[in-house]
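What follows is a set of notes on a single structure, which appears directly below.
Every read-out reported here was derived from the displayed coordinates using simple, explicitly stated rules and does not represent laboratory data. Since we're looking at a predicted model, the values are computed, not measured. With ideal geometry, Cβ positions are generated from the backbone for all residues, glycine too; neighbour counts draw on all protein chains shown.
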Protein chains: 2
Amino acid sequence: MKIIPGAEFKLEREVEVGTPAHQEAVQRIIETVRKDGDEALRRYALEFDKVKVGELRVSAEELEAAYAQVDDAFLSALRGAAANIRAFHEKQKRTSWFDLQPSGTMLGQVVRPLRRVGLYVPGGKAAYPSSVLMNAIPAMVAGVPEVVMVTPPATAGAGASGGGIDPHILVAAAEAGVKEIYRVGGAQAVAALAYGTESIRPVDKIVGPGNIYVALAKRAVYGVVDIDSIAGPSEIVVLADETANPVYAAADLLSQAEHDELASAMLVTASRTLAERVQAEVQRQLETLPRKGIAAKSVADYGAILLVDSLDEAVALVNRLAPEHLELLVAEPHALLGRIENAGAIFLGTYSSEPVGDYFAGPNHVLPTNGTARFSSPLNVDDFVKKSSVISYSKQDLLANGEAIMTLARHEGLEAHARAIQVRLEQEGGDRDNG
Amino acid sequence: MKIIPGAEFKLEREVEVGTPAHQEAVQRIIETVRKDGDEALRRYALEFDKVKVGELRVSAEELEAAYAQVDDAFLSALRGAAANIRAFHEKQKRTSWFDLQPSGTMLGQVVRPLRRVGLYVPGGKAAYPSSVLMNAIPAMVAGVPEVVMVTPPATAGAGASGGGIDPHILVAAAEAGVKEIYRVGGAQAVAALAYGTESIRPVDKIVGPGNIYVALAKRAVYGVVDIDSIAGPSEIVVLADETANPVYAAADLLSQAEHDELASAMLVTASRTLAERVQAEVQRQLETLPRKGIAAKSVADYGAILLVDSLDEAVALVNRLAPEHLELLVAEPHALLGRIENAGAIFLGTYSSEPVGDYFAGPNHVLPTNGTARFSSPLNVDDFVKKSSVISYSKQDLLANGEAIMTLARHEGLEAHARAIQVRLEQEGGDRDNG
């Protein structure tokens, strides 16, 4: 991990959009699913997942049986996490409100859950139970009556017939309250959720991570359904002062770096001593990591120790970086909080190691990446509701304000707008229709 | 306006994406602005707007002078509208919150305004002061410190030298509190807002309506900055029973139809008598409308009177349509509100004519179109804030839950995540590091 002056750091952001070949493949898959429905899903399972799929929907028995295949420590930890995630997201809920005015006018905002949401869960090694909880629970807390999960069936091989789904994923879904699960993955799963097939009714929104095909398919169906933001590689910035424990700082940096060769882990500090210690610690801890290859490449390509002159400079740099995860390993982390403008999740102090948030504390781990914390938020209950404005205007207010409304409409050349008011003033206005 | 059975109505939705030629033109403009900055903006003003632009920024004097060019009735109506819009949106504001737990852990959500927002305002006949208020005021109420407006300079001709901006637009901006205004329009304005030029610093989000070039440019820069949803043609559904006044219903339908030949106005009713009366009224009122050509084409192509068998069927149909605007012209509109799942804005009863909401009552007139009310909301204060999660975990909680966190991390094959916890348990845990 190189130590470089913060002032020399150049911020470069790119957005992954896939090649034209990717895009064409995804378009073709979407069109085929729209045309051929379930049959297309089965054909693609055979082609991509090497699995002959019978029933697309996972049965209640299969879901029940999954519990026998996970160990107690896992189940207990998962339940603890689920309870915390539920408790945190409950606090995000909002109610409809109405403003009742003395004139009789009532203005309001109705907040309602979406009706049906689809959750994409990757298969294979990227099948993360924690991610199932983080995506499904906010939808459940929002009150979405139908949360549907799709996930690719396991490839056949090594004595297994294939078509199954990781029992840990099934248990996480069940713990989150998801009962409707289909064994279908890739762009074809996204197409099925957006347009529906014989077996899968269409949804209003699709969330959850996926590979480039899944991401491009989500982008393509956006507008027909809503989608969550498309996540880039994971990032952490650790802002630390001389009081920080270099062993902890290094371990936290590496916990991001192991995700992905494109992941970015950066230390920002005004302490050269700390910088050098963390640099040495990263090297030392790297050696024994099972995912050493990935983490080392991430650290080499996207990692950095940014040495700054002051805490002020550090804060300004962090706000420019707008990191997905930000740890404040400083003497008084809470005092700094007010100065952090841009970050997905902020971890305060020695005991708030980033994995605490990834897995357990309660706030969501689906966070804005690639600098989008400047304008985006962690996945939350608001992402699973929609609002409607309500206008119940009184006769008194219409008579009082009708002329003003007509003035504005006529200025904009929209005479029919003005007349919708005028016909009412004429019939309801008494004296006023002569005014 | 044809009367057709509701059951036979087939819902078709398409999303406007422009031709490849549009997309290439927009890409070229964006790249040119990134490369040539202000000079590109001036070149495009000459090419597209036929105007030689000097200072890009509108001066304080020009803004001040605009007030002398608008009449008192307009200014007074505009101020009334602005006050109502501000009052309604103030009620949408949310505060940061923290949950302080007995263990010492503190979890929270920080809500902050975006730093800098760009508002696109179309030029010419589509320059609507009401739209300036509806887009700028929620950003102001959210606390965005820098709200910037861009709008194309007027084309030279008929004795005018060009380059000016409609004084009504300038006054609306000033009343909303916008002080930073640039005379630049089209895809080039969107590019300038997203990437910045010598004169225009980049923003975090771009909102506001525009033509196909503006819409495509917004789509292209999404990810670099946030954008609002891209609006389709305007729509209204009037759900009416036999108590409705057919003159009002027809006038309200026409107020949508006059917007655009692609606009859609539909009546849903179980009363054949009302259906026939509204049909006749639409025809009668159409005759004297200045925008008769547009409204007549909209009514012919996208208008319909949908005759249903019952109020239940009407409600189900409305929820399927998910209209941008919904009027409930029924005996007991408030009693129906709870059954309306999907609609951008809901207008209750005789006096809540849609233009009341377009101009004056307070709720936003930027609403989800094309069925997206199933998952989208009116423009609101939430669109101009971002949230960050805050995790301040206590030593007590880390010691109590560290094992569970490591279990979940190791199950997912993320050993470095587990070690970030483990190093802390080892150093801080006392007895526990032997556990």
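Before moving on, here are some points about what is shown:
- Residue of chain A with the Cβ closest to the rotation axis carrying A onto B, and that distance rounded to whole Å: A:Asp382, 3.
- Applying a threshold of 25 Å to the alpha-carbon distances of A:Lys395/B:Lys10; A:Lys93/A:Lys205; A:Lys386/B:Lys91; B:Lys205/B:Lys387; A:Lys125/A:Lys292; A:Lys91/B:Lys91 flags A:Lys395/B:Lys10 as lying beyond it.
- Out of every Cα-Cα pair that region A:1-81 contains, those further apart than 14 angstrom amount to 80 percent.
- Relative to the longest principal axis of the Cα atoms of chain A, helix A:272-286 runs at roughly 70 degrees.
- Linear extension gain, B:His334 paired with B:Gln101, 0.36 nm per residue minus alpha-carbon span: 79.7 nm
- Debye log10 I(q)/I(0) for chain B, one point scatterer per Cα, at q = 0.11, 0.12, 0.13 Å⁻¹: -0.94, -1.04, -1.14
- Taking the longest Cα principal axis of chain A as reference, the axis of helix A:395-411 is set at about 80 degrees.
- Arranged from fewest to most other beta-carbon atoms within 10 Å of their beta carbon, A:Phe375, B:Phe98, A:Phe347 become B:Phe98, A:Phe375, A:Phe347.
- Mean residue ellipticity (222 nm) of chain A, computed from DSSP H runs ≥ 4 via -39,500 (n - 2.57), nearest 500: -13000 deg cm²/dmol
- Burial ordering of A:Glu47, B:Glu261, fewest other beta-carbon atoms within 10 Å first: A:Glu47, B:Glu261
- Comparing Cα centroids, region A:52-97 and region A:228-290 end up 31 angstrom apart.
- Annotation: amide H of A:Met149 within the under-5 Å range of A:Leu119, A:Glu180, A:Ile181, A:Tyr182, sequence separation 5 or more or interchain, hydrogens built in the peptide plane.
- Value of D in µm² per second that Stokes-Einstein yields for region B:272-412, Kirkwood Rh from Cα pairs, at 20 °C (1.002 mPa s): 110
- Other copies of A:Lys10: label-to-label distances in nm, shortest first, labels 7 Å along the beta-carbon direction: 5.7
- Where N is the number of residues in region A:234-355, Cα Rg divided by 2.2 N^0.38 Å: 0.95
- Distribution of pairwise C-alpha distances over region B:110-160, 10 Å bins, in %: 23, 42, 23, 10, 2, 0
- Value of relative contact order over region A:393-434, rounded to a whole percent, pairs C-alpha under 8 Å and six or more apart: 34
- Label distances, nm, B:Leu262 versus same residue in remaining copies, Cβ-directed 7 Å point: 3.3
- Each pair of Cα atoms in region B:393-434 enters the Kirkwood radius, and Stokes-Einstein at 4 °C and 1.567 mPa s then converts it into a translational diffusion coefficient of 127 µm²/s.
- Against chain A, whose longest principal axis comes from its Cα atoms, helix A:292-302 is set at around 60 degrees.
- Selection from B:Ile137, B:Gln256, B:Gly185, by position along the positive dipole direction of chain B (Cβ): B:Gly185
- By the rule of a C-alpha distance below 15 Å, with chain neighbours fewer than 8 residues away ignored, the aspartates and glutamates paired with A:Lys297 are A:Glu235, A:Glu258, A:Asp260, A:Glu261, A:Glu287.
- Placing a pseudo-label 7 Å from each Cα along the Cα-to-Cβ vector at A:Lys52 and A:Ser76 gives an inter-label distance of 4.4 nm.
- Rounded if a/c under 1.5, otherwise prolate or oblate - region A:55-139, Cα gyration tensor axes: prolate
- Inverse mean reciprocal Cα-Cα distance (Kirkwood Rh) of the protein assembly as shown, Å: 29.0
- Gyration tensor verdict on region B:142-297 (Cα atoms; rounded if a/c is under 1.5, prolate if a/b is larger than b/c, oblate otherwise): prolate
- Cβ charges +1 (Lys, Arg) and -1 (Asp, Glu), total dipole of region A:20-227, debye: 520
- Look at the alpha carbon pairs under 8 Å that are at least 6 residues apart: their mean separation over the length of region A:65-191 gives a relative contact order of 27 percent.
- Base-10 log of normalised Debye intensity for region B:108-196 (one unit scatterer per alpha-carbon) at q = 0.14, 0.17, 0.24 Å⁻¹: -0.50, -0.70, -1.21
- Amide H contacts of B:Val51 (H built 1.01 Å from N, under 5 Å, at least 5 apart or other chain): B:Leu46
- The phi-based Karplus calculation (6.51 cos²θ - 1.76 cosθ + 1.60; θ = phi - 60°) puts the 3J(HN,Hα) values of region A:45-58 at 4, 5, 6, 8, 9, 6, 9, 8, 8, x, 5, 6, 7, 6 Hz, whole numbers, x for Gly and Pro.
- Full-stretch length increase - A:Ser59, A:Ala87 - with 0.36 nm per residue and alpha-carbon distance subtracted: 7.2 nm
- Label-point distances for A:Asp309 to the equivalent site in the other copies, using a point 7 angstrom along Cα→C-beta, read 8.0 nm when ranked shortest first.
- Counting all C-alpha pairs of region B:20-227, share separated by more than 25 Å (%): 41
- Neighbour-count ranking [beta-carbon atoms within 10 angstrom, fewest first] of A:Lys292, B:Lys205: A:Lys292, B:Lys205
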